[in-house]
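Beneath this line is the structure, given in structure tokens, with notes to follow.
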């Protein structure tokens with residue numbers, strides 16, 4: 001069975017190896033990036049710029065149903081609004097609210 005001081009020494013050696021490997025790999029990555037930037041003529045500004053996103057074209061759908069008392073509207077798409085459900089359950093017809 002290993003002694004605590006032996007294990008701590010091993011850990012210190014591993015920490016040193018990890019640090020050296022991390023520094024070496026980081027330097028290699030930086031050199032690779034610099035090489036690619038040089039090859040393609042890129043600058044730091046090129047790295048920070050993002051291509052423009054295509055604008056989503058959304059159109060508002062015209063209202064098909066209107067609550068005359070409150071002015072609330074519904075396009076007829078999606079779930080029925082609460083005001084319309086309540087009116088229909090109260091005896092009104094959907095056609096009563098048609099615009």
Worksheet item: Is the range 36-59 home to any residue that is touching a helix residue (DSSP H, G or I) at 6+ places or on another chain (Cβ under 8 Å) and assigned to a loop (DSSP other than H, G, I, E, B)?
Response: yes
Worksheet, complete the sentence: Only one of (1) more than 30 Å from residue 99 (Cβ to Cβ); (2) surrounded by 10 or more Cβ atoms within 10 Å (Cβ to Cβ) does not apply to residue 80, and that is (1)
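No lab work stands behind these numbers, since they all come straight from the coordinates. Just so it is clear, the structure is predicted and the values come from calculations on it, not from any experiment. Cβ coordinates were reconstructed from backbone atoms using ideal geometry, including for glycine residues, and neighbour counts include every protein chain displayed.
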